[in-house]
Structure formats: C-alpha cells, structure tokens
1. List the pairs whose first member sits in the range 46-64 and is closer than 11 Å to residue 134 by Cα, whose second member is in a loop (DSSP other than H, G, I, E, B) and modelled with pLDDT of 95 or more, and whose Cβ atoms are under 8 Å apart, counting only residues at least 6 apart or on separate chains?
2. As an exercise: evaluate residue 42 against (1) modelled with pLDDT under 90; (2) loosely packed, with under 14 Cβ neighbours inside 10 Å; (3) under 30 Å from residue 113 (Cβ atoms) and give the number of the one condition it does not meet.
3. Which of the residues belonging to the range 72-108 are at pLDDT 90 or above and more than 16 Å from the chain's Cα centre (by Cα)?
4. Give the number of residues within the range 118-135 that are surrounded by 18 or more Cβ atoms within 10 Å (Cβ to Cβ) and over 25 Å from residue 33 (Cα atoms).
5. Only one of (1) within 20 Å of the chain's Cα centre (by Cα); (2) modelled with pLDDT under 90; (3) not in a strand (DSSP E or B) fails for residue 126. Which number is that?
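The values are calculated or read from the model by the stated rules, or taken from the named source; none is laboratory data. Computed from a predicted structure; not experimentally measured. Every residue, glycine as well, gets a Cβ built from its backbone with ideal geometry; the counts of neighbours run over all protein chains shown.
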C-alpha cells in the first residue's frame, strides 16, 4: 500500500513539475526589418588538396544585401584557423548596403591530413551569427619533399 501511495505521489510531482517547465512561453527577439543582411558568395571554403607549409590564406567575399550598414563585430574559428596574429582579418569599417566585404581566413598548412573547420561570423545583421565551413586536405611533408627532388 505504501509503495502505491509513494509511486502515485512521485508521478504526480513529476507531472506537475514537467507542466510548469513546458508552460513557460518562449519569447523571440523581434528583428528590425531594416537591419542589414549578409550574403556570402558561398558558405563553404574548399581549400582542396594543398602542399604542406604552403600559403594558407584565403578570402571569403560577402555582400550587404540589407538596407542599412553592416558591421562585422567578430570572426572566430576552430583551432588551426587563425586571425594572423593580432591583425583583424575583416573589414573594420561598416559595409554599405549593396557593397562587398572580405574576410581573410588563415589555415595552418603544417597540420597534415584532411580537415573540416568552422568559422563563426558575428555581425549586426538579421542573422546575428553565421557558421561557415572550411575544408581541405594538407599533403604530408614527405610527399611534398619527394616531388621537389
């Protein structure tokens, strides 16, 4: 009898707690209809097969297709995707509507093998944070050295 009472009490508590959690409304932030919009030429940067120790700098072009100036606030990447030291690798000035901007991507080409990394772009656009994909394959050093000899 006690087991039954405890079981029923436990189930009631679980149902009541679950209903309270599910009953909370989700409030979505309203977006400004005039906010800038960022449109990349492609959301995937493919290095392809590259030599070990070669230049790992590439660029990703984007356009402000919105109605107000676009401001890139931050660009972050997985490890191996660098900012080239302390240098900011994106436009520091606002990108006017209809204009293009560039983000420079640096991959450490001394890391051998295939890679898939992510670059996160934060801005004042309607989509506050975007994820871009960086992929390719770096040849091993010995494969590169053999071709040179």
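1. Sorted first by the residue in the range 46-64, then by its partner, the pairs are 60/41.
2. In the conditions (1) modelled with pLDDT under 90; (2) loosely packed, with under 14 Cβ neighbours inside 10 Å; (3) under 30 Å from residue 113 (Cβ atoms), residue 42 misses (1) alone.
3. 93, 94, 95, 96, 97, 98, 99, 100, 101, listed by residue number.
4. 2
5. Single failed check for residue 126: (2).
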